[in-house]
1. Determine the sum of side-chain charges near His164: Lys and Arg each +1, Asp and Glu each -1, restricted to other residues whose C-beta is under 13 angstrom from that of His164.
2. Taking 22 Å as R0, compute the FRET efficiency from the Cβ-Cβ separation of Asp113 and Gln146 and round it to 0.05.
3. I need to check one value: relative contact order of the chain, counting alpha carbon pairs closer than 8 Å and at least 6 residues apart, in percent.
Amino acid sequence: MTTPLGQLETLESGLRISAVRRRTRETDVTVRLVLDGTGEAAIATGIGFYDHLLASLAHHALLDLRIEAAGDLEVDDHHTVEDVALVLGAALAGALGDRAGIRRFGDASVPMDESLATAAIDVGGRPYAVVDLPFRSDRIGGLSTQLIEHALEAFARTSGSTLHVRGSGRNDHHLAEAAFKALARALRAACEVNPRRAGVASTKGSLG
């Protein structure tokens with residue numbers, strides 16, 4: 001069950017904030033997200049490299065992000081990685097609210113040594129993901145590389161985003177980190193409030 005805990009403190013602080021919890025027989029995940037933050041992160045998924053990627057996402061997107069996850073890692077990392085991404089996406093959707101006044105689109109390219117990753121995102125409510133990250137190994141630390149694509153797809157689905165991420169490189173650590181940094185920069189641009197935009201960024205007058 002996924003439960004929105006509300007857009008906390010939004011009226012009092014003027015910030016876009018939400019918290020979501022998801023509990024199943026496989027995982028228990030809570031995410032608290034401040035969209036207009038400073039990049040502070042406290043991440044505990046039980047998977048070190050996943051924590052590293054998510055902290056990098058928060059830092060470069062200027063999100064304040066707290067993630068607490070307990071999952072069946074004795075089985076493997078699949079359920080934990082997927083459910084954290086699902087809840088993170090739901091928290092972003094909650095913080096965005098009706099998505100009025102935002103720029104909606106963002107894109108960025110980030111190099112990391114020999115690796116280069118590009119991300120383009122539309123946070124307009126249409127969930128879709130295209131991910132092309134040609135990893136060379138099965139794992140980076142405790143994280144299965146095939147789950148990176150799966151996590152990005154899950155995040156796109158619950159956040160209501162169309163997401164394209166592509167990259168190239170010889171070092172899997174660099175490639176994964178460049179991808180999350182590119183996503184962060186694209187997300188930061190897309191979620192930014194446009195002072196010239198009175199309503200939603202759509203000629204239809206609605207998003208989704």
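1. Around His164, the surrounding residues sum to -3.
2. Efficiency for this residue pair is about 0.45.
3. Working: 536 pairs, mean separation 47.8, N = 208.
Here the relative contact order equals 23 percent.
Quick note: the coordinates plus some simple rules give every number you see, no bench work behind them. Quick caveat, the model's predicted, so the values are computed rather than measured. With ideal geometry, Cβ positions are generated from the backbone for all residues, glycine too; neighbour counts draw on all protein chains shown.
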